[in-house]
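Working notes, beginning with the structure itself.
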Amino acid sequence: MSDKIPESRKNLYYAGMFLTIIGLILFLSNFVIVFTGNMFNFMPMLSFVGFILVALGQVIRTVGAKGVAGSGIILDPEKAREDMKPYSKAMGGVIDDVLENVDKSETKKEIVKIKCRNCETLNDEDAIYCKSCGEKL
Ligand SMILES: [Zn+2]
């Protein structure tokens, strides 16, 4: 199982983006047509088509990013987890880094050792007698 987003889903994502842009251009072009006064021929149809394209583009983009199950189109929690894996990993990776840093600073506790005057063995801070020669510290 790969953690990378499959190429087909990447293409789907870009296709969705493309549709959204085309849809927006069509949708916005209505305002231009209204301004120029030629709205009777184009406006209702273009506006509708543009709107549909934007909506469709958004859905396709989501499917591309999260997979069919991950975006909730197919109700399959098992598959959804798998689909979302590359997506969540990218998100979770940031959180993991933060957690790791917190962990490091927590465990970076100062350890104090006491050197035995007799044999120079390093003993724990709270030791009373040297663990090597038994001399009182
Ligand atoms: Zn000692």
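Label separation (F48 vs I21): 2.7 nm, computed from points 7 Å beyond Cα along the C-beta direction.
Residue by residue, segment 117-123 carries 3J(HN,Hα) couplings of 6, 7, 10, 6, 6, 7, 10 Hz when phi is fed to the Karplus relation 6.51 cos²θ - 1.76 cosθ + 1.60 (θ = phi - 60°); x denotes Gly or Pro.
Scalar couplings 3J(HN,Hα) for segment 4-17, obtained by applying the Karplus form with A = 6.51, B = -1.76, C = 1.60 to θ = phi - 60°, are 8, 6, x, 4, 4, 6, 4, 4, 4, 4, 5, 4, x, 5 Hz; x denotes Gly and Pro. The modelled label-to-label distance for the pair Y129/Q58, using points 7 Å beyond Cα in the direction of Cβ, is 7.8 nm.
Laboratory data are not the source of any read-out in this text; all were calculated from the coordinates shown. Remember, predicted model here, so these are calculated numbers, not experimental data. Ideal geometry is used to build each Cβ from the backbone, glycine not excepted, and the neighbour counts take in all protein chains shown.
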